[in-house]
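Trainee: Got a structure for you, questions after.
The values are calculated or read from the model by the stated rules, or taken from the named source; none is laboratory data. Please read these numbers as outputs of a predicted model, since none were measured by experiment. Here the Cβ positions follow ideal geometry from the backbone for every residue, glycine too, while neighbour counts run over all protein chains shown. We work out accessible area using only protein heavy atoms, side chains counted, and drop any ligands, DNA or RNA first. Shrake-Rupley method; radii C 1.70, N 1.55, O 1.52, S 1.80 Å.
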Amino acid sequence: PGELEYYRHFCVPEFKNLQKAPIQVLKDKECPAVIIPSTPLARRCFPAIRAKKGVIMVGNETTYNDGHGHWRNVTELLEGAKKANVVLETRQLAMKIFEDYTVSWYWIIIGLVIAMVASFIFIVLLRFLAGIMVWVMIVMVILVLGYGIFHCYMEYAKLKGEAGSDISLTDLGFQTDLRVYLHLRQTWLAFMIILCIVEVVIILLLIFLRKRILIAIALIKEASRAVGHIMMSLLFPLCTFFLLCLCIAYWASTAVFLSTSNEAVYKVFNETACQFSGQTCKPETFNTSNVTKLCPDAQCLFAFYGGETAYHKYLIVLQFFNVFMFFWLANFVIALGQVTLAGAFASYYWAFKKPDDMPAFPLFSAFGRALRYHTGSIAFGSLILAIVQVIRVTLEYLDHRLKAADNKFAKFLLSCLKCCFWCLEKFIKFLNRNAYIMIAVYGTNFCTSARNAFCLLMRNIIRVAVLDKVTDFLFFLGKLLIVGSVGILAFFFFTQRIKLVQDTAPPLNYYWVPILTVIVGSYLIAHGFFSVYGMCVDTLFLCFCEDLERNDGSPERPYYMS
């Protein structure tokens, strides 16, 4: 009985009778016949393998029963142990990374502050350097293409008279080694013609679009002035980020609660025919029920985690609803940020005397207006986007499930649908962004604002295209400059290659941990700053187009633009 008290920990939950004969306990399969010495690893029981005088053992044995009547050698367990080592190695890696963070966190913060200052300086300098940067880049593109044409001509001339260089591309056919084509005159002639066409197209575009490029540059400069007058706008992404974190936390906690709301389901298992086989049971009351009388060999054993109620059956529907609500809330938060920034920058544009006619706290005033008057419009716009995003997630899920299937038509149809909904999501995001600007300016409802914004953009489609490309180029250049410079500085510092601060750099297990953190953090900071700047440019552009249509620059109807 003393030993049985210890063994009871390994028995089925309903085993209570300690006076029962051990042989009967084993016959009833209530307790295990043998217990292998084991050790815990990642909440699982592994055989306690140890080496004694070079011999691999479990306990004091070199063989063990696998539970199917076969005796196996302990060395066979080593393969399983090797796989288990991955868990331990991953844990050690995580510990080393954590150590690196503990000794380098303040240097990481310094790196991120440098990125923040660099982003701010870049935005301020755009007021003075936007025009120079754009024209220098355009001239560089023309010169590079010109050099490309010259190089192709020189290669074409050099191959004249060489054996095999006059073979046509059609006669040669397709070759896996692409270097073969570089020995043909026709290849260089084709390159030269393509580059000449691109060069001529770019020069013609510059001639016809020069005024629009100048307007785009002027808008970017004006946006820099607007941000300078509303400095708090640069910190507003932190508010949006905080609200998004709340949305993510709420979605994740709800998803976890739903996933873990299942109950342990026990079912009747037996070796002979029994009418109760497969039915659910309760281990606490099983021994006193009729089942054990009618089916003496029946057992109440754990089957799975789940549930038989309507709630458990529709759990997947609740998870789907949770995902949908997450998209809706996340889009609502982003839209609230866009309406607030658009309202603040619109108050700058429509102030006749800048900045004297602006409200005292433009950002807070815009935020208050957005919450008080435009919550419904923001919710409606984000709902449309959320529906499209949920459809995209569903299509991705179906695509994942159909990967094993060999239905070519279904895969083709899914690919087409995924492509269409991706395009639709991009278009709705673009339309929503401009609709929110019109909401912030005029206070009209979502549908009216979306229609007015779309029509206004269509009437100025060439200006839209030019401005979009010019701002995209400047933002790309800014991000590349900030992330690249801060990343290189972090690399030289953490690898102790800067002699002045060589002794200051902390000792690290993996120097790439703080470097990657600084690079990713710098990108996020630069993206946050430029997202505000981008919203400012878009708002001023729509206000500019509206100003041109409403006013003519006369004393009766003066322009609001500088």
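Trainee: Given the options ALA505, ASN460, LEU477, identify the residue whose Cα lies farthest towards the positive end of the charge dipole of the range 448-514 (+1 on Cβ of Lys, Arg; -1 on Cβ of Asp, Glu).
Mentor: Of ALA505, ASN460, LEU477, it is ASN460.
Trainee: Name the GluC sites (Glu not before Pro) in the range 455-562 that are in a loop by DSSP and that have at most 12 other C-beta atoms within 10 Å, would you? Display every interim value, and only then the final one.
Mentor: Numbers: sites: GLU546, GLU549, GLU556; in loops: GLU556.
Passing both the DSSP loop test and the Cβ count: GLU556.
Trainee: For a quick check of your reading of the filter: which GluC sites (Glu not before Pro) in the range 158-236 sit in a DSSP loop and have no more than 12 other Cβ atoms within 10 Å? Walk me through the intermediate numbers first.
Mentor: On the way: sites: GLU162, GLU199, GLU222; in loops: GLU162.
When the GluC sites (Glu not before Pro) of the range 158-236 are filtered for loop state and at most 12 Cβ neighbours within 10 Å, GLU162 remain.
Trainee: Oh, and also: By per-residue mean of other Cβ atoms within 10 Å, what is the highest-first order of 485-497, 376-388, 450-462? Show your work: numbers first, answer last.
Mentor: Numbers: 485-497: 17.7, 376-388: 19.3, 450-462: 15.2.
My ranking of the peptides, most packed first, is 376-388, 485-497, 450-462.
Trainee: Projecting each Cα onto the charge dipole of the range 1-74 (Lys/Arg +1, Asp/Glu -1 at the beta carbon, about the Cα centre), which of ILE49, HIS68, PHE10 comes out farthest on the positive side?
Mentor: Of ILE49, HIS68, PHE10, it is ILE49.
Trainee: Using the Cα centre as the reference, give the magnitude of the dipole from point charges on the C-beta atoms of the range 1-74 (Lys, Arg: +1; Asp, Glu: -1; all else neutral), rounded to the nearest 20 debye.
Mentor: Values: 11 positive and 7 negative charges, 56 e Å.
For this selection, approximately 280 debye.
Trainee: Please state the charge dipole magnitude for the chain, taken about the Cα centre, from unit charges on C-beta atoms (+1 on K and R, -1 on D and E), reported in debye and rounded to the nearest 20. Don't jump to the answer; show the numbers that get you there.
Mentor: Values: 51 positive and 39 negative charges, 83 e Å.
That gives the chain a dipole magnitude of about 400 debye.
Trainee: Could you sort 349-360, 265-276 so that the peptide with the highest average Cβ count within 10 Å comes first and the rest follow in order?
Mentor: On the way: 349-360: 13.4, 265-276: 15.0.
The peptides rank, most packed first, as 265-276, 349-360.
Trainee: Something else: Quick one: what Rg and Dmax do you get for the range 400-526 from the alpha carbons, in Å?
Mentor: 23.7, 64
Trainee: Sticking with this one: Go through the range 479-494 residue by residue and turn each phi into a ³J(HN,Hα) via Karplus (6.51, -1.76, 1.60, θ = phi - 60°); whole Hz please, and just put x for glycine and proline.
Mentor: 5, 4, 5, 5, 5, x, 5, 5, x, 5, 4, 5, 4, 5, 6, 6
Trainee: What are the ³J(HN,Hα) couplings of the range 464-471, residue after residue, when phi is run through the Karplus curve with 6.51, -1.76, 1.60 and θ = phi - 60°? Round to Hz, x for glycine and proline.
Mentor: Those phi angles translate into 4, 4, 5, 4, 4, 5, 5, 5 Hz.
Trainee: A follow-up question, please. Using a Förster distance of 25 angstrom, determine the FRET efficiency expected from the C-beta separation of ILE194 and LEU214, and round it to 0.05.
Mentor: Numbers: r = 29 Å, r/R0 = 1.18.
Given R0 = 25 Å and the Cβ-Cβ separation, E is 0.25.
Trainee: Each residue of the range 548-562 in turn: what ³J(HN,Hα) in whole Hz from Karplus with 6.51, -1.76, 1.60 and θ = phi - 60°, glycine and Pro shown as x?
Mentor: So the Karplus estimates, Gly and Pro as x, are 5, 7, 8, 10, 10, x, 7, x, 6, 10, x, 6, 8, 6, 5 Hz.
Trainee: Now for a different question. Calculate, axis by axis, the spread of Cα positions in the chain along the three principal axes, and write the results as whole Å, longest axis first.
Mentor: 108, 77, 63
Trainee: Moving on to the next point. What is the extension gain from ILE132 to PHE320, computed as 0.36 nm multiplied by their sequence separation minus the C-alpha to C-alpha distance, in nm to one decimal?
Mentor: Working: separation 188, 0.36 × 188 = 67.68 nm, distance 5.12 nm.
Fully extending the segment from ILE132 to PHE320 adds 62.6 nm.
Trainee: How much length is gained on full extension from LYS96 to ALA21, taking 0.36 nm per residue of separation minus their Cα-Cα distance? Each step should come with its number before you reach the end.
Mentor: Numbers: separation 75, 0.36 × 75 = 27.00 nm, distance 5.34 nm.
Length difference between fully extended and current span is 21.7 nm.
Trainee: What ranking, highest mean first, results for peptides 124-130, 508-514 when packing means the other Cβ atoms within 10 Å averaged over each residue? Spell out each step's value before the answer.
Mentor: Numbers: 124-130: 16.0, 508-514: 17.6.
In decreasing order of mean packing, 124-130, 508-514 become 508-514, 124-130.
Trainee: Hey, if you put +1 on the Cβ of every Lys and Arg and -1 on every Asp and Glu Cβ in the chain, which of PRO355, ILE378, VAL103 ends up farthest toward the positive end of that dipole?
Mentor: Result: PRO355, furthest along the dipole toward the positive end.
Trainee: Shifting gears a bit: Rg(Cα) of the range 1-74 divided by 2.2 N^0.38 Å? If you can, show how the numbers build up before the last one.
Mentor: Details: Rg = 14.7 Å, N = 74, 2.2 N^0.38 = 11.3 Å.
Compactness ratio reported: 1.30.
Trainee: Could you state the number of Å between the C-alpha centres of the range 483-541 and the range 1-47?
Mentor: The range 1-47 and the range 483-541 have Cα centres separated by 58 Å.
Trainee: Sequence neighbours fewer than 8 away in the same chain don't count; with that in mind, list the aspartates and glutamates whose C-alpha is under 16 Å from LYS16.
Mentor: GLU3, GLU5, ASP28, GLU30, GLU284
Trainee: Order HIS400, HIS374, HIS229, HIS9 by their accessible area, 1.4 angstrom probe, all chains in place, largest first.
Mentor: On the way: HIS400 120, HIS374 15, HIS229 90, HIS9 150 Å².
Solvent-accessible surface, decreasing: HIS9, HIS400, HIS229, HIS374.
Trainee: Pop the C-beta distance of THR504 and ILE36 into the FRET formula with R0 = 60 Å and round what comes out to the nearest 0.05.
Mentor: Details: r = 54 Å, r/R0 = 0.90.
The pair THR504/ILE36 has a calculated efficiency of 0.65.
Trainee: Provide the FRET efficiency to the nearest 0.05 for the PHE302-HIS68 pair, computing r from the beta carbons and using R0 = 25 Å.
Mentor: Working: r = 21 Å, r/R0 = 0.83.
Once the sixth-power term is evaluated, E becomes 0.75.
Trainee: Moving to a separate point now. How much length is gained on full extension from LEU258 to GLU61, taking 0.36 nm per residue of separation minus their Cα-Cα distance? Working shown, then result.
Mentor: On the way: separation 197, 0.36 × 197 = 70.92 nm, distance 4.55 nm.
Contour length minus the Cα-Cα distance gives 66.4 nm.
Trainee: To continue, here is another question. Give me the percent relative contact order of the chain, please, defined on Cα pairs under 8 angstrom at least 6 residues apart. Please list the in-between numbers first.
Mentor: Working: 549 pairs, mean separation 96.2, N = 562.
Relative contact order of the chain: 17 percent.
Trainee: Let me have the relative contact order for the range 1-74, percent, based on Cα pairs under 8 Å that are six or more residues apart. Numbers along the way, then the final one.
Mentor: Values: 67 pairs, mean separation 12.0, N = 74.
Averaging sequence separation for qualifying contacts and normalising by length gives 16 percent for the range 1-74.
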